[in-house]
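FYI, it's all coordinate maths here, none of it is from the lab. Source: prediction; values computed, not measured. Here the Cβ positions follow ideal geometry from the backbone for every residue, glycine too, while neighbour counts run over all protein chains shown.
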Amino acid sequence: MQYGYFDDDAREYVITRPDTPYPWINYLGSEDFYGLFSNTSGGYCFYRDARLLRLIRYRYNNVPTDSGGRYFYIRDGGDIWTPSWMPMKSALDRYECRHGMGYSRISSARNGLAFSQTSFVPLKDNCEIHKIVLTNESGADKDVDVFSFIEFCLWNANDDMTNFQRNFSIGEVEVEAGGARIYHKTEYRERRNHYALWAVNVPVAGFDTDRQTFLGLYNGFDHPEAVFAGKANNSVASGWAPIGSHHIKARLKPGESKALVFVLSYCENPDDKKWERVVPGGNHGVINKAPANALLDKYGSPEAADRALAALKDYWDALLGRFSVQAEDKRMARMAGVWNQYQCMVTFNMSRSASYFESGIGRGMGFRDSNQDLLGFVHLVPERARARILDIAATQFPDGSAYHQYQPLTKRGNNEVGSGFNDDPLWLICGVAAYIKETGDFGILDEKVPFDNKEELADSLFVHLKRSFDYTLTHTGPHGLPLIGRADWNDCLNLNCFSKTPGESFQTTANFESGVAESVLIAAIFVFNGPDYIEICRRTGRVEEAAYAAKAVAAMTETIKTHGWDGNWFLRAYDAYGHKIGSHECEDGQIYIESNGFAVMAEIGLDDGRALKALDSVKDRLDTKYGIVLQQPAYKEYHLELGEVSSYPPGYKENAGIFCHNNPWVTIAETKLGRGTRAFETYTKICPAYREDDSDLRRLEPYVYAQMVAGKDAPRFGEAKNSWLTGTAAWTFVSISQYILGVRPVFDGLLIDPCIPASMKGFSVIRHFQNAVYRIAVDNSASVEKGVKSVTLDGKQLDGVVLPALGDRKTHEVKVVMG
Ligand code: GLC
Ligand code: GLC
């Protein structure tokens, strides 16, 4: 069943009933201030760091699910309801939620009263705006009471959920303008220089800031006492749980509309301007409201809110205009041209911090994850990608290894997790190569970048790449393959962990330093990145280094062929005893997706039939109707020598789940074999838009990728989990844009090399590349899967298939004929 539809012209997903199989969310915000916003107005917002500076409280794993957000209660005569459906689950005569690019709009109606809520974070300001419009669609006058409601988080979300002996005594607020402006200022009296503002642009009849007074101690959000009494209590919170609620009275004639603008903002003052005045004789300072006032002056009217929303739309038009697709297959076109890129921007902004599956208090930014995310947004925000690369590289250790994670606010490596994930260094080469191909900016290689965040250890970014490259070569095992360390891309293949203690971290505990366990995947990642590293060396005059690297890559390729091949597919690893993993000799886990996808992506075995065999084995043994599972057979019991991979019940996560992140590796690998139909099939199977009418099973948003879909061994085969913050976004975008549609940045320009189903008659792409626009029309009336017969650029036949970077700020017409 479908719960909505794509409105492609508006770039919106329109949810048509509120009881989606899981909350379907959107992200608001583009720089420092972000909100998570569900289709029933649930979620929360934060300034820069979802853990440390959270504005409103959100209880993960709560019952009912997704309760807590920005709520508006309506009292229309005696009829009380919530127009976003939750939290009262009110019967609505009409409901629709449109998730667009950086904004959402919920529209509903009941008993002749229409409601709409447009929510977004304006460009450049640290606030959420919620514009509410009430319309009397009935034939009689209406007296309507609106109660707003948010619950403040005492900033540190982790502390907020745990440290009640303190928290219940520290909550403080200020109220102004009769209650229209509510300020949450907990801890401002001591070390904080920031507060939150919850304000409305019209006079109010009353307010509440104490949760118990507003709700009633034993009530849920679905039965607030104040709303049922029809009257706010003007409560001023002192300790316990500060909230913000406005009571607004509106009289509406038939046909009349009224708009209200709510602003939920983070405001900061310099230390010496924290206070407006100090109340004489008292110890309660009055906070300096200047930043709040400025914001309210700016967004204090519906027209101002509309202008800010229009500016946000322009921003997204410009961004997504950089790569767009026209094709007969609308699902592919909208995903590749809009939603996949939108998700890539969200992974850029959020990394893995805050979603409905990531609580915002946990993980820092991953070294490998961030480098891979970059592949999906470097064409959209190249300058920001550049800055990101320099941040990441600064957390590398002098020996080339890397902190596995770093904290976005401090940009320091995370000591608790440390290093030892031996694939990490290579992803830096991958990210930097993608950046240079996109921008032509070889200058980044000369940037001086610290090691381990220490300026005195700084060296050029090129030296960082060399240390990455060499780290792999100097950390090899008995077969000459790279040592795996704590884990490689697969966080759960913990071959040196040997954990028997419940709760111990599989990633950071090492009870067994084998010095033996090796990864075929890391070897393949090395060979995949090799040619780019070599090319970077050549193009910067490092001839000797290029020759040295070429030799090393050739040798690693041979090592994989000798020690990383199982007869019909590539092995996955050797464990701490030197036993094979991912071999027909194993009982479970005989074949893994990652090493096979990556080896063929790296073009290993294209020349001798191994690549073909490997991908056929993947198809035979791992493919399902919802995508390719991670390995087979699933591990049925826990293996001390394998770690977390065998800890999951069969079919979930890394134990034979469809771990979507690695599926595009197979898609790309298939294009290396020229099998366009098969490449497209692997692409569509995990692409959410193709499962829109299967939402009861898939459950998650049809417009974004999920990290995992349960595999065939799981009772809930086909069910998705962990949407939004996943490397799937970047890699699927690479697979569809660069390898299937085949518009791929290379060091010399933009390569055109599609690999599509023979039945696809053509498509077109608009691609901004290094300050020029290319309008590329591909004609496949020859019905081939791969092969380009001719390319013309502005009417002139091109020699070869690489469009030069013209950089002339003009638009160029490109005609491609396949055959
Ligand atoms: C998660 C991690 C990523 C890892 C993957 C596979 O998505 O964020 O770093 O590669 O799981 O274990
Ligand atoms: C668990 C998950 C894996 C994730 C890791 C992050 O191991 O299974 O997917 O990458 O946690 O720490």
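Here are a few things to note about the model shown:
- Counting lysine pairs in the stretch 671-819 whose alpha carbons fall under 20 angstrom apart, excluding pairs fewer than 8 residues apart on the same chain, gives 13.
- Unit charges at the beta carbon, dipole of the chain: most positive-side option, Ala433, Met1, Ser169: Met1
- Other residues whose C-beta falls under 9 angstrom from the C-beta of Gly77 contribute a net charge of -1, scoring Lys and Arg +1 and Asp and Glu -1.
- Counting charges near Ala487 (Lys, Arg +1; Asp, Glu -1) among other residues having Cβ under 11 Å from its Cβ returns a value of -4.
- Added length on full extension, which subtracts the Cα-Cα distance from 0.36 nm per residue, Ala547 to Asp79: 160.7 nm
- Here the simple spin-label model places points 7 Å from the Cα toward Cβ, and for Ala758 and Tyr218 these points are separated by 7.3 nm.
- For the chain: relative contact order, % (alpha-carbon pairs under 8 angstrom, 6 or more apart): 9
- Per-residue [θ]222 nm for the chain (sum of -39500 (n - 2.57) over DSSP H runs n ≥ 4, rounded to 500): -7500 deg cm²/dmol
- Between 0 and 90 degrees, the angle of helix 340-350 with respect to the longest Cα principal axis of the chain falls at about 70 degrees.
- The length gained on full extension between Tyr315 and Ala387, counted as 0.36 nm times the residue separation minus their Cα-Cα distance, comes to 23.9 nm.
- Under the simplified labelling scheme, the Phe168-Lys298 pair shows an inter-label distance of 4.0 nm, with each label point 7 Å from Cα along Cα→Cβ.
- Once the chain from Tyr60 to Val133 is taken as fully extended at 0.36 nm per residue, the excess over their C-alpha distance is 23.3 nm.
- Distant-in-sequence amide H partners of Ile287 (H built 1.01 Å from N, under 5 Å): Glu276
- Angle of helix 367-377 to the longest C-alpha principal axis of the chain, folded into 0 to 90 degrees and rounded to 10: 80°.
- Note on Lys124: lysines with a C-alpha under 21 Å away, same-chain residues under 8 apart excluded, are Lys289, Lys298, Lys313.
- For Tyr403, residues with placed amide H under 5 Å, excluding near neighbours: Phe397
- Loop-located chymotrypsin sites (Phe, Trp or Tyr not before Pro) in the stretch 633-722 (DSSP state other than H, G, I, E, B) with a sparse environment of at most 15 neighbouring Cβ atoms within 10 Å: Tyr638.
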